[in-house]
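First up is the structure itself, then whatever we jot down about it.
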Amino acid sequence: APFGPPLPAVPTRLALAVVELREADDAAAGELWSAGIDPAELATAEQRGYLLLERLLHRRWD
């Protein structure tokens, strides 16, 4: 059950983190050696971040 509106900083910090994740992956794509991160895991984490952000902004907790 929702406990009230999310703190304003939470959605902002989450949005920044998702953007930083994408930027880090884009920067790493040009590296000589692979970081060994599964691209599917990265895509899943990014998608989960956006879904959580949507839920926070629209208060959909079901």
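The values are calculated or read from the model by the stated rules, or taken from the named source; none is laboratory data. These figures come from a predicted structure and were not determined experimentally. Cβ coordinates were reconstructed from backbone atoms using ideal geometry, including for glycine residues, and neighbour counts include every protein chain displayed. Heads up: the accessible areas ignore ligands, DNA and RNA and are worked out on the full protein's heavy atoms, side chains in. Shrake-Rupley method; radii C 1.70, N 1.55, O 1.52, S 1.80 Å.
Some observations on this one:
- Residue check, Asp62 of a type in the set (Asp, Glu) and at pLDDT below 80: yes
- Hey, Glu41 open to solvent by 100 Å² or more (accessible area, probe 1.4 Å), at pLDDT 90 or above and among the acidic types (Asp, Glu) or not: yes
- Every residue from the range 1-38 that is open to solvent by less than 80 Å² (accessible area, probe 1.4 Å), at pLDDT below 85 and touching a Phe, Trp or Tyr at 6+ places or on another chain (Cβ under 8 Å): Pro2
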